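Encoded as structure tokens, the structure appears first; notes follow it.
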Amino acid sequence: MNTRRSHFRQIVENTPQTVSEQLLFWCLLPVSVLYGITMRIRALLYQSGLKPSYRAKVPVISVGNVTAGGTGKTPMVDFLVKKLVNKGINCAVVSRGYGGQFRGSVARVGDHDGTNLTPAECGDEPFLLAVRNPGTPVYVARQRKLGVRRAEWDGAQIIILDDGFQHLAVARDLDLLLLDADQPFGNGRTLPAGMLREPIAAVHRSDLIILTRSTGNETIPLPLAAPILRCHHQLSSRLEDLSGHQVSLQDIANQRCLAFAGIAKPDAFFDALRQAGLKTMTAYPL
């Protein structure tokens with residue numbers, strides 16, 4: 001499964017090389033065009049007010065992207081939560097709970113005593129955010145409007161929508177759009193012939209663009225009105241086990257270990273571990 005997925009990403013992120021890859025790409029292209037038109041019409045319906053958006057009584061920040069995974073949304077949400085908490089602001093996170101088995105209306109993942117949903121129920125990303133930010137409410141809701149209402153009811157002063165750029169059913173006060181500095185738009189095609197969730201023109205809805213994995217020298221292939229910030233991922237100097245015990249990364253350098261990654265682009269993570277001195281290592285992308 002992982003090999004097929006990697007092969008597919010190779011085809012849609014780069015130019016198809018073999019005859020079979022070109023045939024697959026051209027078969028996917030009509031579906032991609034239809035999908036892009038559908039997403040454009042959907043956005044216009046929300047912009048015109050024909051489809052309503054719920055407006056919360058407190059500020060809402062959306063963190064999202066235009067490509068299918070791999071830009072660092074979860075670390076950005078975690079970063080924002082910690083900044084807001086340090087300023088004494090009661091914030092909450094609302095997620096769809098992608099990959100989780102929860103089928104109710106709204107569930108709170110994290111509370112002051114830890115978590116009350118398993119990763120299999122709520123999805124691994126909401127669970128991670130709840131564990132890393134004890135005391136900050138993290139809600140999963142397939143209709144995120146219901147999660148936002150629950151967060152308001154529970155006293156949130158600011159609500160963060162995790163992976164919310166395409167979720168136009170909730171109005172936002174600040175739209176943060178994350179783009180991978182290496183390939184911000186993939187091959188420029190929408191799914192399934194490319195990695196775009198909606199046409200490139202959607203980036204103009206954003207209020208702030210953040211280039212992740214940036215080296216500082218990239219150029220964006222189209223003019224953008226929103227301000228652009230740049231950031232890069234940095235491996236933490238400390239590791240934490242499931243019981244909460246922390247150990248310095250230097251203390252386990254040169255030791256034999258297994259590494260697992262469930263992120264969209266795991267190679268950079270494994271490379272960072274090797275650069276930190278974990279030279280004898282077996283890596284497993286999930």
TODO: Output the number of the condition that A283 fails; it satisfies all remaining conditions of (1) part of a helix (DSSP H, G or I); (2) at pLDDT below 80; (3) in contact with a strand residue (DSSP E or B) (Cβ under 6 Å, 6 or more places away or on another chain).
DONE: (1)
Open item on the list: Take G99 and tell me if it is closer than 23 Å to E121 by Cα, in contact with an Asp or Glu (Cβ under 9 Å, 6 or more places away or on another chain) and surrounded by 12 or more Cβ atoms within 10 Å (Cβ to Cβ).
Closed with: yes
Task: Only listed residue being open to solvent by 50 Å² or more (accessible area, probe 1.4 Å) and among the β-branched types (V, I, T), chosen from V148, V203, V131, V140 - done: V131
- [ ] Determine, yes or no, whether A181 is among the aliphatic types (A, V, I, L, M), surrounded by fewer than 22 Cβ atoms within 10 Å (Cβ to Cβ), within 22 Å of S53 (Cβ to Cβ) and at pLDDT below 95.
- [x] no
TODO: Could you name every one of the strands (runs of 3 or more DSSP E) located completely within region 207-250 that has at least 1 residues being among the aliphatic types (A, V, I, L, M) and under 23 Å from the mean Cα position of the chain (by Cα)?
DONE: 208-212, 228-230, 238-240
TODO: Collect the residues in region 50-101 that are modelled with pLDDT of 95 or more and at positive phi, keeping them in residue-number order.
DONE: G88
Open item on the list: What pairs come out if I take residues in region 166-181 that are part of a strand (DSSP E or B) and pair them with residues that are acidic (D, E) whose C-beta lies under 8 Å away, six or more apart or interchain?
Closed with: L174/D207; D175/D207; L176/D207
TODO: Determine if region 235-257 includes at least one residue that is touching a Pro at 6+ places or on another chain (Cβ under 8 Å) and open to solvent by 10 Å² or more (accessible area, probe 1.4 Å).
DONE: no
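The values are calculated or read from the model by the stated rules, or taken from the named source; none is laboratory data. Just so it is clear, the model here is predicted, and its values are computed rather than measured. No Cβ is skipped: glycine too gets one built from the backbone with ideal geometry, and neighbour counts run over all protein chains shown. For the accessible areas, the whole protein counts, side chains as well, though only heavy atoms, and no ligand, DNA or RNA atoms are used. Shrake-Rupley method; radii C 1.70, N 1.55, O 1.52, S 1.80 Å.
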